[in-house]
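J.: If you scroll down you'll find the structure; I have some questions about it.
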Amino acid sequence: MTPRRPPFADYPTITTARLLLRPLTAADVPQIFPISFFEGIGAVSLAEAHEMQVRIRAEYAAGTLLHWGYALAHDPTVVVGTGGFYRGFAHDVGEIGYVLLPEYRGQGYATEAARAMVQFGFDTLGLRQVAALTDPLNATSGDVLRRAGFREVPTERPSESRKFVFDAPGGIG
C-alpha cells in the first residue's frame, strides 16, 4: 500500500458506530470553544478559538496534521470532542491526541475515536506506529488508550508525560 498523507483532495471523514469524525467548520467553534487547544494552550476567547482553527487548517495544508471534530453519527451538528494526528508523520509514526467536552466523557467516545484514528493511520496513512502522550496525572486518558489497544512504554521524563504506542500489524513490536 502506498501511504497517503495530508492534504487530501477531499478531507477524510471516518464513521464509527456512534461518531462521525469530520472536518470542523466555523459554525462548530462555539461548541468546541471550551476544549479548543493549539500546541497545548487553551483558547481564552471565541476569537482565539477561531484563530486556532485557522492555524490548524494551515498545518493541515502543510501536511503536518489531521484534525477532526467528533460529531454524533445520528446528529452530525452535535460535536462532542476533537482529535487527530499532530506533529507530522516522521519515520511513519503518527501521534494522536483527543479531548471531549465534559458532558460526553466516560461514555466510550474517546476510545471509539482513538480506535478509528489508529485504523485510519494504518490503512490510509500507511503508518508503522501510532503514539500518544498523556499527562502523568491524567489516568483516564491512559485507560482510554489501553482500551483502544495501546501499550505504555518507558519515557525519558516520566514526570512530564506518559507514552503509549500501537504498532501496525506485522510491524515493529
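J.: Step by step: first the residues of region 55-81, then only those that are open to solvent by 10 Å² or more (accessible area, probe 1.4 Å) and in contact with a Ser or Thr (Cβ under 8 Å, 6 or more places away or on another chain), then the one that is farthest from Phe150 (Cα to Cα). Which residue is that?
T.: Looking at the filtered set, the residue picked out is Ala73.
J.: For region 159-168, does any single residue satisfy the condition of being of a type outside the set (Gly, Ala, Ser), modelled with pLDDT under 90 and out of contact with any Cys (no Cβ under 9 Å at 6 or more places or on another chain)? Write out each step before concluding.
T.: Restricting attention to region 159-168, the residues satisfying the condition of being of a type outside the set (Gly, Ala, Ser) are 160, 162-167.
Still in the running and modelled with pLDDT under 90: 160.
Those still in the list that are out of contact with any Cys (no Cβ under 9 Å at 6 or more places or on another chain) too: 160.
Checked against the condition, which is being of a type outside the set (Gly, Ala, Ser), modelled with pLDDT under 90 and out of contact with any Cys (no Cβ under 9 Å at 6 or more places or on another chain), region 159-168 yields at least one hit.
J.: Taking region 12-29 as the search range and keeping residues that are part of a loop (DSSP other than H, G, I, E, B) and under 15 Å from the mean Cα position of the chain (by Cα), which one is surrounded by the fewest Cβ atoms within 10 Å (Cβ to Cβ)? Before the answer, list the steps.
T.: Looking only at region 12-29, we keep the residues that are part of a loop (DSSP other than H, G, I, E, B), and these are 12-13, 16-18, 23-25.
Now drop any that are not under 15 Å from the mean Cα position of the chain (by Cα), which leaves 12-13, 16, 23-24.
Numbers: Pro12: 16, Thr13: 13, Thr16: 15, Pro23: 17, Leu24: 22.
Selected residue: Thr13.
J.: Going by the conditions given, is Gly126 open to solvent by less than 30 Å² (accessible area, probe 1.4 Å) and either farther than 23 Å from Glu39 by Cα or touching a residue at least 60 places away in the same chain (Cβ under 8 Å) (or both)?
T.: Details: open to solvent by less than 30 Å² (accessible area, probe 1.4 Å): yes; either farther than 23 Å from Glu39 by Cα or touching a residue at least 60 places away in the same chain (Cβ under 8 Å) (or both): yes.
In short, yes.
J.: When residues of region 141-158 are filtered for being more than 21 Å from Glu39 (Cα to Cα), at pLDDT 95 or above and either open to solvent by 90 Å² or more (accessible area, probe 1.4 Å) or of a type in the set (Gly, Ala, Ser) (or both), how many remain?
T.: 5
J.: Check region 93-101 and report whether any residue there is at pLDDT 95 or above and more than 12 Å from the chain's Cα centre (by Cα).
T.: Our first condition is that a residue be at pLDDT 95 or above; within region 93-101, this holds for 93-101.
Pick out the ones that are also more than 12 Å from the chain's Cα centre (by Cα) and you get 93, 101.
The answer is yes; a qualifying residue exists.
J.: If the requirement is being open to solvent by less than 60 Å² (accessible area, probe 1.4 Å) and farther than 20 Å from Gly94 by Cβ, which of these qualifies: Ile41, Ile32? Can you show your working first?
T.: Numbers: Ile41 fails: open to solvent by less than 60 Å² (accessible area, probe 1.4 Å).
Among Ile41, Ile32, only Ile32 is open to solvent by less than 60 Å² (accessible area, probe 1.4 Å) and farther than 20 Å from Gly94 by Cβ.
The values are calculated or read from the model by the stated rules, or taken from the named source; none is laboratory data. Not measured: the values here are computed from a predicted model. FYI the Cβ positions are ideal-geometry reconstructions off the backbone, even for glycines, and counts take in every protein chain you see. These accessible areas exclude ligands, DNA and RNA; they are computed on the full protein's heavy atoms, side chains included. Shrake-Rupley method; radii C 1.70, N 1.55, O 1.52, S 1.80 Å.
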